[in-house]
1. Go through (1) surrounded by 21 or more Cβ atoms within 10 Å (Cβ to Cβ); (2) touching a helix residue (DSSP H, G or I) at 6+ places or on another chain (Cβ under 9 Å) for THR238 and report which single condition fails.
2. Report, by residue number, each residue of the range 194-203 that is more than 21 Å from the chain's Cα centre (by Cα) and not charged (D, E, K, R).
3. Suppose we filter THR39, THR47, THR9, THR35 for residues that are in contact with a strand residue (DSSP E or B) (Cβ under 8 Å, 6 or more places away or on another chain) and either among the basic types (Lys, Arg) or over 16 Å from GLY104 (Cβ atoms) (or both); which single one remains?
4. Kindly list the number of the only condition in (1) part of a strand (DSSP E or B); (2) over 27 Å from GLY58 (Cβ atoms) that fails for ASP347.
5. Exactly one condition in (1) under 26 Å from GLY228 (Cα atoms); (2) open to solvent by 20 Å² or more (accessible area, probe 1.4 Å); (3) among the charged types (D, E, K, R) is false for GLU250; which is it?
6. Inside the range 131-150, can you point out the residues that are surrounded by fewer than 22 Cβ atoms within 10 Å (Cβ to Cβ) and under 28 Å from the mean Cα position of the chain (by Cα)?
7. Scan the range 303-336 residue by residue and report those that are open to solvent by 10 Å² or more (accessible area, probe 1.4 Å) and either in contact (Cβ under 8 Å) with a residue 60 or more places away in the chain or among the small types (Gly, Ala, Ser) (or both).
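The values are calculated or read from the model by the stated rules, or taken from the named source; none is laboratory data. Note that the coordinates shown come from a computational prediction; the quantities given were computed from them, not determined experimentally. So basically every Cβ, Gly included, is an ideal-geometry build from the backbone, and we count neighbours across all protein chains shown. Side chains are part of the model used for accessible areas, which takes the heavy atoms of the whole protein and leaves out ligands, DNA and RNA. Shrake-Rupley method; radii C 1.70, N 1.55, O 1.52, S 1.80 Å.
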Amino acid sequence: MSSIRPWRTIERRQSRQIMVGSVPVGGDAPITVQTMTNTLTSDAKATIDQIRRCEEAGADLIRVSCPDVESTAAFKEIARAATVPLIADIHFHYKRALEAADAGAACLRINPGNIGSDERVAEVVRAAKANGCAIRIGVNAGSLEKDLLEKYGEPCPEALVESALDHIKLLQDHDFHDYKVAVKASDVFLAVAAYQGLADATDCPLHLGITEAGGLIGGTVKSSIGMGNLLWAGIGDTLRVSLSAEPEEEVRVGFEMLKALGLRTRGVRVVSCPSCARQGFDVIRTVEALEDRLQHIKTPLSLSVLGCVVNGPGEARETDIGLTGGGNGKHMVYLSGLTDHTVEDADMLDHIVKLVEAKAAEIEAADEAATDAAKVPAEPAE
């Protein structure tokens, strides 16, 4: 955000940067948005189809569960078909990690302390190094080690942080440093406090999540409170919104969260009113239709949709395209903050979609021209 508005500035925590395939995580890299497939991984076609929908929604990274040998056997085909790096989710069997690394995983989600002996950890590290895999340590309040539960009496921030540091040490002892860490809990207060403690204790990239957050609405609210708190404080390098919803919905919510804080800009940012008796058109249905029809737009731009002239003109001044409800089924359209023309009810949706598509194309063309101009070498001075 602009430094002329310091109240909008977020100072990100300084973390080490690692690579997850071709995607940088940590350091000054953009905060990445992840999701996880819920198809049977052994069904490569169904999994690839779901990955494709997540990619179209903008997912930077996608996690795929590998609970059995049939899953890791299918993983190679899935990884070849994916256009974003894949993370193999491993829980207890170290051989699945070895198989996934060989099959093209860009990252292994694993808790080193859960897979057995030190030699097994060493084998996984060797496989990760040989295949250029990162590792994500995933600590969860619901599956803390027994000794930590006995020590602390219950899952608490200190227990989650200690578990994470124990797992980190196992990797560091084998000279492996391409890792990121999560300390998730379904309790918002517990998760936030644990991430704050871990952020102070290590410089590794942090993967944010409120685990088992709930359905689309409840889980979005819960995740936004927890992860929004951390992101606003500059904590977090990659995130997953865990919802009992389709994976592509997790991606959309993740991007909306980052857009609200000015940390990522992708697609159309819609400013709309909750509607009231003053509305000149059905704001709720209009916004629903526009959000659905504009999902294909990836270029960052803003659209205001307000039902009447009370706040409509003011919001339109701050957005690329604005729509304000008027009387007799005729509504005002604003372009670049200025009143431009009116549109009739019957034509309104199609008209706004065309305006947004045209504006996106204009922005993309300008960006390409600027990029091309930057590549042209300066003429030598005479």
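1. Evaluating THR238 over (1) surrounded by 21 or more Cβ atoms within 10 Å (Cβ to Cβ); (2) touching a helix residue (DSSP H, G or I) at 6+ places or on another chain (Cβ under 9 Å) leaves (2) as the failure.
2. Filtering the range 194-203 for residues more than 21 Å from the chain's Cα centre (by Cα) gives 197, 200-202.
Within the range 194-203, GLY197, ALA201, THR202 meet the criteria.
3. Numbers: THR39 fails: in contact with a strand residue (DSSP E or B) (Cβ under 8 Å, 6 or more places away or on another chain); THR47 fails: either among the basic types (Lys, Arg) or over 16 Å from GLY104 (Cβ atoms) (or both); THR9 fails: in contact with a strand residue (DSSP E or B) (Cβ under 8 Å, 6 or more places away or on another chain).
It is THR35.
4. The one condition ASP347 does not meet is (1).
5. Exception for GLU250: condition (2).
6. Going residue by residue through the range 131-150, those that are surrounded by fewer than 22 Cβ atoms within 10 Å (Cβ to Cβ) are 131-132, 140, 142-150.
Within the range 131-150, ASN131, GLY132, ASN140, GLY142, SER143, LEU144 qualify.
7. Across the range 303-336, the qualifying residues are GLY314, GLY326, GLY327, GLY329, SER336.
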